[in-house]
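These notes concern the structure reproduced below.
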């Protein structure tokens with residue numbers, strides 16, 4: 001999920017308040033498939049919690065971010081930056097090894 005989609009999901013769920021937002025409603029309002037949403041919501045327990053074992057979700061007010069959309073988005077942004085940096089290091093290492101192998105031939 002990219003940053004803009006994550007922001008859209010967080011803001012949509014937040015707009016529904018404590019009553020939460022169902023998967024179908026969330027999919028209709030964000031134009032993201034239900035399967036992608038389920039996977040994203042279930043893998044981000046720090047951001048969301050499921051209500052009464054239904055397919056209704058609300059922001060996790062008791063987790064690390066205390067229901068703050070801004071704090072959650074900051075975390076996502078930092079996580080994306082770390083991922084980009086790690087990918088850059090991986091590419092540099094592969095290029096170095098490839099150059100070393102070609103130089104030794």
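Please treat every number below as a calculation from the coordinates, not as lab data. In this text the structure is predicted, and so the values were computed from the model without any measurement. So basically every Cβ, Gly included, is an ideal-geometry build from the backbone, and we count neighbours across all protein chains shown.
Observations on the structure shown:
- Computed over the chain, relative contact order equals 24 percent, with contacts defined as Cα pairs under 8 Å that lie 6+ residues apart.
- Degrees separating the helix 34-43 axis from the principal Cα axis of the chain, which is the longest one: 80
- Per the Debye formula on identical point scatterers at the alpha carbon atoms of the chain, with no solvent, log10 I(q)/I(0) at q = 0.14, 0.16, 0.20 Å⁻¹ is -0.58, -0.69, -0.97.
- Relative to the dominant Cα principal axis of the chain, helix 69-104 is inclined by about 20°.
- Least to most buried among 49, 21 (fewest other Cβ within 10 Å first): 49, 21
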